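Q: Provided herewith is a single structure, encoded as structure tokens, for subsequent inquiry.
The values are calculated or read from the model by the stated rules, or taken from the named source; none is laboratory data. No experiment lies behind these values; they were computed from the predicted model shown. Every residue, glycine among them, receives a Cβ derived from its backbone with ideal geometry; neighbour counts consider all protein chains shown. SASA here: full protein model, heavy atoms, side chains in, ligands and nucleic acids out. Shrake-Rupley method; radii C 1.70, N 1.55, O 1.52, S 1.80 Å.
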Amino acid sequence: MVVYLCCHGRVALELLAVRVTDIYHYSQDFYISIGFKPYQFPFFGGLMWGGLTVYGLRIAKRLNLSDFMTALVTSWLIVTMDILLDVAAIRLDGGFWVWDGREITLQITHHMFMSVIWVNFLGYMFEAPAMVYLSLRTTANRDRMPAWQRLLVAIGIGVCGVAFVGAASGMSLLLNEVTDEWFACIAFILLWLFVLVKITWRCVGTGTRITPVKNWDLPVLIYWIAMYGFGIAALIHLGIASAAPVYFIFGIIVCAGTLFLAIRE
């Protein structure tokens, strides 16, 4: 259910965003894209988003938090990895996508984080929680439903999720414009720090033990190692690791932290 919602929801949101906002567009060099040029979206993007959400959720559930916080932690894991991935993605092979009218630099300002706009990161903190939370809230009764009802529930969740994310993102863009882009920068940093404190407090408060190796969730570990490995390797290849060593160290730390949460009992 979560994979279905996030894959299709991501595709729908991206096709809507590139058409309505007109602030970025994806490369035309992908083998399989959905939509019409220049508003297409690469097919693999929806699949990757579904995988990230599912494997992020499997880590978040280990913290035994409320459905809302579990959804928020899931999005935190995704966007934290994406802080590395996006910086590399806009520079590889001419850019997987392009922020229209934005210069490619390593500067960090309230406008952009190394040439990635802050509202991009803030949007992730709306998108995954909406889909995950709605899915978690309907899980209890879903197994007792016939197949046609489960399908209707999935479609309903997807529509509601897309509507909520669209409204929240639209409001963020409006507030961003009014505040000279300070809103997205401050809102994302505060929200990211809040979830980080919540995760840390939960780990400290419940104690920390490592799950025996035989019980490790290998698909989760392999997936996150692959995602972070790609991002870290790309930063080295592009010379960003040497040009911004503090940022590179941050990437290593959050990678280790994500893997720790994946094997924490």
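So that you can scan it fast, the table gives a plain yes or no per residue for (1) at pLDDT 95 or above; (2) in a helix (DSSP H, G or I); (3) open to solvent by 80 Å² or more (accessible area, probe 1.4 Å):
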{"site": "V162", "(1), (2), (3)": "no, yes, no"}
{"site": "S169", "(1), (2), (3)": "no, yes, no"}
{"site": "A187", "(1), (2), (3)": "no, yes, no"}
{"site": "W192", "(1), (2), (3)": "yes, yes, no"}
{"site": "L196", "(1), (2), (3)": "yes, yes, no"}
{"site": "V204", "(1), (2), (3)": "no, yes, yes"}
{"site": "A233", "(1), (2), (3)": "yes, yes, no"}
{"site": "F248", "(1), (2), (3)": "yes, yes, no"}
{"site": "I253", "(1), (2), (3)": "yes, yes, yes"}
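Q: A further question follows. Take the conditions under 30 Å from D93 (Cα atoms) and out of contact with any helix residue (DSSP H, G or I) (no Cβ under 7 Å at 6 or more places or on another chain) and apply them to G239. Does it pass? Walk me through it before giving the result.
A: Numbers: under 30 Å from D93 (Cα atoms): yes; out of contact with any helix residue (DSSP H, G or I) (no Cβ under 7 Å at 6 or more places or on another chain): yes.
Considered against the rule, which asks whether it is under 30 Å from D93 (Cα atoms) and out of contact with any helix residue (DSSP H, G or I) (no Cβ under 7 Å at 6 or more places or on another chain), G239 comes out as yes.
Q: Which of the residues that make up region 38-48 are surrounded by 21 or more Cβ atoms within 10 Å (Cβ to Cβ) and either under 11 Å from the mean Cα position of the chain (by Cα) or hydrophobic (A, V, I, L, M, F, W, C) (or both)?
A: Across region 38-48, the qualifying residue is only F41.
Q: Scan region 81-95 and give yes if some residue there is touching a Leu at 6+ places or on another chain (Cβ under 7 Å), among the charged types (D, E, K, R) and either open to solvent by 60 Å² or more (accessible area, probe 1.4 Å) or at pLDDT below 95 (or both), otherwise no.
A: yes
Q: Related question: Can you tell me which of M81, M48 is free of Cβ contacts under 8 Å to residues at least 24 places away in the same chain and either among the acidic types (D, E) or in a helix (DSSP H, G or I) (or both)? Give the steps one after another, and end with the answer.
A: Details: M81 fails: free of Cβ contacts under 8 Å to residues at least 24 places away in the same chain.
The unique qualifying residue is M48.
Q: Now for a separate question. Going by the conditions given, is I232 β-branched (V, I, T), in contact with a Gly (Cβ under 9 Å, 6 or more places away or on another chain) and over 15 Å from W76 (Cβ atoms)?
A: Here the answer is yes, as I232 does meet what is asked.
Q: Considering only residues that are open to solvent by 10 Å² or more (accessible area, probe 1.4 Å) and small (G, A, S), which ones fall in region 64-80?
A: Residue satisfying the conditions is S66 alone.
Q: Hey, any hits in region 237-248 for a residue that's aliphatic (A, V, I, L, M) and closer than 28 Å to N64 by Cα?
A: no
Q: Tell me which residues, restricted to region 106-129, are under 17 Å from L16 (Cα atoms) and modelled with pLDDT under 85.
A: The answer is G123, Y124, F126, E127, A128.
Q: A follow-up question, please. If you go through region 49-60 one residue at a time, do you hit one that is open to solvent by 50 Å² or more (accessible area, probe 1.4 Å) and either more than 24 Å from I225 (Cα to Cα) or of a type outside the set (S, T, Y) (or both)?
A: Yes, because at least one residue in region 49-60 is open to solvent by 50 Å² or more (accessible area, probe 1.4 Å) and either more than 24 Å from I225 (Cα to Cα) or of a type outside the set (S, T, Y) (or both).
Q: A further question follows. Quick check, is G9 over 21 Å from A89 (Cα atoms) and at pLDDT below 80?
A: Values: over 21 Å from A89 (Cα atoms): yes; at pLDDT below 80: yes.
So G9 passes the test.
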